[in-house]
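Peer 1: Input: one structure, supplied below.
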Amino acid sequence: MSMGSRKVNTEGIDEELLLASIGRRTQDGTLRPAQEVPAAAPTEEDTAAPEPPPVQPVTREKAQRESGRRKRQDEDYNELFLRRNEIKTRQCVYISRDVHGKILRIVNDIAGGEISVGGYVDTVLRQHLEQHKERINELYKKQRETADGFVFGSPVHYASASGMITSFLDRAFYGKSALFQGKPGACIVSCRRGGASAAFDQLNKYFTINCMPVVSSQYWNQVHGNTPEEVKQDLEGMQTMRTLGNNMAWLLKCIAAGKAAGVDFPEREPAQKTNFIR
């Protein structure tokens, strides 16, 4: 009897699993447990921590330059601000208690009491004015160009205006007289007892030589008193000041109304100067 071959259905057989089990089958037909492949041990390169970025070393030359720069700054500050400053003419100025305390520690602890609080403040302000003088002059010029009128005041020293305002007005009217022309001007003087009329006449001369309308009051623009509290007791002088302010405001409004109506300031003739020379 011949045996016929039987066709085996191979669908659904996992070939990879079959091949893997061939090497693990024992003689009795059982399978040995699969051996896990040990993971590769980490190398030294894998476990090494990342190196920090290199630190730029501070060179000796750079350190010396920084030290020298700080030393020069200290010397400059000492030379500018911590030097003795003798103030011959004094004027009262108020500062906050906090700032006063800080300045007091500077003059006592750093300067060793060699300078005063007033001297230190005066020196600092002088340095500020010198350092920013160009910007201050620009702002001052802008203010003068946009001003509609001017009121100048002065104490009376030896029957004349103070040296400070005299120097200022001499310089201003000599160098920039065009900025004042056509604008109303008024002056105010304050004295303890006498000399007010002479100082008043002196200041008015700046206006009358520069085509400026002079604003007047009900009396010459002067008050009497040695302190602000005493000036307030000069009732006539205080009334004179109020009238002056009202007259200045009225004149400025008249000028503005005239300009709006097409009335301009008179055109000046070319200057003719005749010297008294024979």
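Coordinate-derived values only; no laboratory data. Everything numeric in this text was worked out from a predicted model, so none of it was measured. Note that each Cβ is placed from the backbone with ideal geometry, even for glycine, and that neighbours are counted across all protein chains shown.
Peer 1: Using 7 Å Cα-to-Cβ label points, what is the Glu79/Thr243 separation (nm, one decimal)?
Peer 2: With each label placed 7 Å out from Cα toward Cβ, I get 5.9 nm.
Peer 1: Where the only charges are on Cβ atoms (+1 Lys, Arg; -1 Asp, Glu), what is the dipole of the stretch 69-131 about its Cα centre, to the nearest 20 debye?
Peer 2: My answer is approximately 60 debye.
Peer 1: Given the peptides 80-90, 221-231, arrange them by the average over their residues of other C-beta atoms within 10 Å, most packed first.
Peer 2: Details: 80-90: 11.5, 221-231: 15.0.
Ranking the peptides 80-90, 221-231 by packing returns 221-231, 80-90.
Peer 1: For Ser167 and Lys273, FRET efficiency with R0 = 22 Å and r from the beta-carbon atoms, rounded to 0.05?
Peer 2: Given R0 = 22 Å and the Cβ-Cβ separation, E is 0.35.
Peer 1: Right, here's the next one. Could you tell me which GluC sites (Glu not before Pro) in the stretch 131-210 are loop residues by DSSP with no more than 16 other beta carbons within 10 angstrom of their beta carbon?
Peer 2: Here no GluC sites (Glu not before Pro) fit, given the DSSP loop and packing criteria.
Peer 1: So, in nm, how far is label Ala178 from label Ile87 when the simple model puts each one 7 Å beyond its Cα toward the Cβ?
Peer 2: Distance between label points: 4.0 nm.
Peer 1: Something else: How big is the stretch 162-232 by the Kirkwood estimate over distinct Cα pairs, in Å?
Peer 2: 13.2 Å
Peer 1: Please express the Cα-Cα pair-distance distribution P(r) of the stretch 118-237 as a list of whole percents, one per 10 Å bin, running from 0 to the bin with the greatest distance.
Peer 2: The percentages, shortest bin first, are 12, 35, 32, 20, 1.
Peer 1: With r defined as the distance between the Cβ atoms of Leu104 and Ala159 and R0 fixed at 25 Å, what FRET efficiency is calculated, to the nearest 0.05?
Peer 2: My answer for the efficiency is 0.05.
Peer 1: Here's another thing I want to ask about it. For the pairs Lys141/Lys176; Lys141/Lys259; Lys102/Lys133; Lys142/Lys259; Lys183/Lys205, flag any whose C-alpha to C-alpha distance is greater than 19 Å.
Peer 2: Pairs exceeding the cut-off: Lys141/Lys259; Lys102/Lys133; Lys142/Lys259.
Peer 1: Continuing with this model, one more query. Just need the Rg to Rh number for the stretch 69-131, please, alpha carbons only, Kirkwood Rh.
Peer 2: 0.97
Peer 1: Given the peptides 117-127, 186-196, arrange them by the average over their residues of other C-beta atoms within 10 Å, most packed first.
Peer 2: On the way: 117-127: 15.8, 186-196: 19.2.
Put in order of decreasing packing, that is 186-196, 117-127.
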